[in-house]
Amino acid sequence: MQREDEVRLRHMLDAAKEAVEFSSGKTREELDPDRMLVLALVKSIEIVGEAATKVSPEARSLLPSIPWPAVVTMRHRLIHAYYDMDLDRVWETITEDLPPLILALEKALSSVAFAPRI
């Protein structure tokens, strides 16, 4: 796996952790009136997805526990439907999908060997 893949995986992990942190102690109902929170969560999810698009096919194949298509598809939905977002789906992503993704990314980063830079 290339060093660039490690960087992208770390970007994914950092953004996913930020989204979970931003939502900590909040409820789904708090999203509706809090535009700043919505934008922060959406941007974090977008970063996760954008970084995922930059991970090499080789690295993706080595990390089957990461739901690559779902991560990238969510990014595409948010980017292209920016004013027509389903906040229930955003909240579900933050509360249900990101915690296991964080664990998978942490495991991947702790166990995968990266090729040295030349």
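The values are calculated or read from the model by the stated rules, or taken from the named source; none is laboratory data. All figures in this text were calculated on a predicted structure; none of them were measured in a lab. Please note: Cβ atoms are built from the backbone with ideal geometry, for glycine as well, and neighbour counts cover all protein chains shown.
At a glance:
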read-out: Residue in the stretch 15-27 that is at pLDDT below 95, part of a helix (DSSP H, G or I) and among the basic types (Lys, Arg) present; value: no
read-out: Exclusive hit being surrounded by 14 or more Cβ atoms within 10 Å (Cβ to Cβ), among the polar types (S, T, N, Q) and more than 10 Å from the chain's Cα centre (by Cα), set SER23, SER65, SER56; value: SER23
read-out: Single condition ARG8 does not satisfy, out of (1) exposed (fewer than 15 other Cβ atoms within 10 Å of the Cβ); (2) among the basic types (Lys, Arg); (3) closer than 24 Å to SER111 by Cβ; value: (1)
read-out: Cβ-Cβ under 9 Å pairs, at least 6 apart or on other chains, the stretch 101-118 side farther than 14 Å from ALA15 by Cβ and among the β-branched types (Val, Ile, Thr), far side modelled with pLDDT of 65 or more and in a helix (DSSP H, G or I); value: VAL112/ASP5; VAL112/GLU6; VAL112/LEU9; VAL112/ALA59; VAL112/LEU62
read-out: Wholly within the stretch 60-118, helices (runs of 4 or more DSSP H) carrying at least 2 residues that are at pLDDT below 90 and of a type outside the set (Ser, Thr, Tyr); value: 68-80
read-out: Every pair of residues 6+ apart whose Cβ atoms lie under 7 Å, when the first sits in the stretch 77-95 and is loosely packed, with under 12 Cβ neighbours inside 10 Å while the second is of a type in the set (A, V, I, L, M, F, W, C); value: none
